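**Student:** My questions all concern the structure below.
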Amino acid sequence: MMNSSERRRQYRGPVFFSHGFRSFFLYSGIWAALAMLVWVIFLATGTGIPSRMAGVDWHMHEMLFGYSSAVIAGFLLTAVPNWTGRMPIIGWPTAMLSGLWLLGRVAVFFSAWLPEYVAAVIDVSFLVVFAGVISREVVSGKNWRNLKVMVFVILLAIANIVYHIEAAQGSAYEGYGVRMGVGFLLMLIIVIGGRVIPSFTRNWMMRNGGGRLPVPFNNFDKVTLVLTGATLLWWMVWPTGDLLRTVMIGVGLLHFVRLWRWAGWGGRSEPLVLILHVGYFFVPLGFVMLGLGDLLPGWTEGRIPHAWMVGAVGVTTIAMMTRASLGHSGRPLVATKGIAGIYVLLVSTVFLRMAAEMLPSETWLLHLTATTWIAAYGLFAIVYFPILTKPRI
């Protein structure tokens, strides 16, 4: 039987569909920039988008369920064959999956021109089909340890359904669907980040020397994960209250300790390593911000912090995409000036958006935030287009 490397060598189709990360990572990067640009244009001109969703609901949906689902697909299509030892999903299956994702983006944007719920069915079907495909691979490979990752994909699909229902009934802004989506996505980052961040850091430090190595996964991490999951479920159902705020701060401190245990300063000279720790830093920061609530200037208790969406999700996903694309295309795991520029632009976006939360009257911060976000993902598309569309070195 051919192994995955032999199968890729015998593959004669388009390079773009020779591995799942290629199409999904490039699509997600382009869509992150394009969707933001479209949102800014419609806001500036005062016109409405041709969607059944309100403008702000469409914007949140595409960042949370559009962009993020593509990144997850690219990551899992690349990781699952390594976990299971089975053949990778390549060629027409990858093309059809990425085509279904693209169809969802078009359908949601032009949903006002479609019969009610048609766009929602098309959009949700991607996560449902993808969960089925990947679950089959995990089960067939008897890789039960990683079945929990598939659960998060299914939960994200359920959150998307709730979001569509709430949007159809008026508004999904600060509804159950968006909190479920953010919570499940954040938990996925916490689980996978707990594997790859200390592992990649350890590998780099072992090759290049350094100080203390990251602490291996132990009971502290298990307790932190359990408490985090319970707290996020509580927040999804009932996002306000003094007791929840206190618990949020406590959970945030646990994740700050977890991040310190991974000794990220040892890899600070390599941006590909450092950015992983920077992205995870926004996980506990978001918990603390939620805990402080309306004690922060310009803050409304119960809102979703951009430290999570732009920071934890945006920075962590771009860190994984930039690194995985280099490694799986046969290139050295070293950040070029272009890659470092992507990181600087995106991290700047996080702090600008957080400043805009605290200073809502300073609208210029929102304009600058949108500009740096579009520049970051636009630069990603430019730098990584040849990497993702050309054969492996």
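The values are calculated or read from the model by the stated rules, or taken from the named source; none is laboratory data. Every value quoted in this text rests on a predicted model; they were computed, and no experiment measured them. Using ideal geometry, Cβ is built from the backbone for each residue, glycine included, and neighbour counts are taken over all protein chains shown.
**Student:** Say whether the condition of being in a loop (DSSP other than H, G, I, E, B), in contact (Cβ under 8 Å) with a residue 60 or more places away in the chain, within 26 Å of H306 (Cα to Cα) and touching a Lys or Arg at 6+ places or on another chain (Cβ under 9 Å) is met by at least one residue in the range 166-180. Steps first, please.
**Tutor:** First pass over the range 166-180, keeping only residues in a loop (DSSP other than H, G, I, E, B): 169-175.
Keeping just the survivors that are in contact (Cβ under 8 Å) with a residue 60 or more places away in the chain gives 171-174.
Cutting the leftovers down to within 26 Å of H306 (Cα to Cα) gives us 171-174.
From what is left, the residues that are touching a Lys or Arg at 6+ places or on another chain (Cβ under 9 Å) are 174.
Taking every residue of the range 166-180 in turn, at least one turns out to be in a loop (DSSP other than H, G, I, E, B), in contact (Cβ under 8 Å) with a residue 60 or more places away in the chain, within 26 Å of H306 (Cα to Cα) and touching a Lys or Arg at 6+ places or on another chain (Cβ under 9 Å).
**Student:** Given the criterion of a type in the set (S, T, Y) and touching a residue at least 40 places away in the same chain (Cβ under 8 Å), identify the matching residue among S98, S125.
**Tutor:** One residue alone meets the criteria, S98.
**Student:** Any residue in the range 137-159 that's farther than 17 Å from L186 by Cβ: show its pairings with residues that are among the polar types (S, T, N, Q) and at pLDDT below 85 at Cβ separation under 6 Å, as long as the two are six or more apart or on different chains.
**Tutor:** E137/T84; V138/N146; G141/T84; N143/T84
**Student:** Just to be sure before I move on: is S28 crowded, with 24+ Cβ neighbours inside 10 Å, touching a residue at least 60 places away in the same chain (Cβ under 8 Å) and either over 21 Å from the mean Cα position of the chain (by Cα) or assigned to a helix (DSSP H, G or I) (or both) in the structure I sent?
**Tutor:** Yes; evaluated as a whole, the condition is true for this residue.
**Student:** Inside the range 242-269, can you point out the residues that are buried (at least 18 other Cβ atoms within 10 Å of the Cβ) and not in a helix (DSSP H, G or I)?
**Tutor:** W262, A263
**Student:** Within the range 185-223, track down each residue that is without any contact (Cβ under 8 Å) to a residue 40 or more places away in the chain and in a helix (DSSP H, G or I).
**Tutor:** Correct list: R195, S199, R202, N203, M206, R207, N219, D221, K222, V223.
**Student:** Looking only at the range 287-320, filter to residues that are in contact with a Leu (Cβ under 7 Å, 6 or more places away or on another chain) and at pLDDT below 90; which one of those is surrounded by the most Cβ atoms within 10 Å (Cβ to Cβ)?
**Tutor:** P305
**Student:** State which residue is farthest from the chain's Cα centre (by Cα) when the search covers only the range 289-311 and only residues that are part of a helix (DSSP H, G or I) and under 16 Å from L352 (Cβ atoms).
**Tutor:** M289
**Student:** Of the residues that sit in the range 152-190 and are of a type in the set (V, I, T) and under 13 Å from the mean Cα position of the chain (by Cα), which one is nearest to V257 (Cα to Cα)?
**Tutor:** Of everything passing the filter in the range 152-190, I190 is nearest to V257 (Cα to Cα).
**Student:** Something else: Only one residue in Y67, Y117 is in contact (Cβ under 8 Å) with a residue 24 or more places away in the chain and over 25 Å from G378 (Cα atoms), so which one is that?
**Tutor:** None of the others qualify; the one that does is Y117.
**Student:** Taking the residues in the range 225-241 that are crowded, with 18+ Cβ neighbours inside 10 Å and among the polar types (S, T, N, Q) as candidates, determine which candidate is nearest to N203 (Cα to Cα).
**Tutor:** T228
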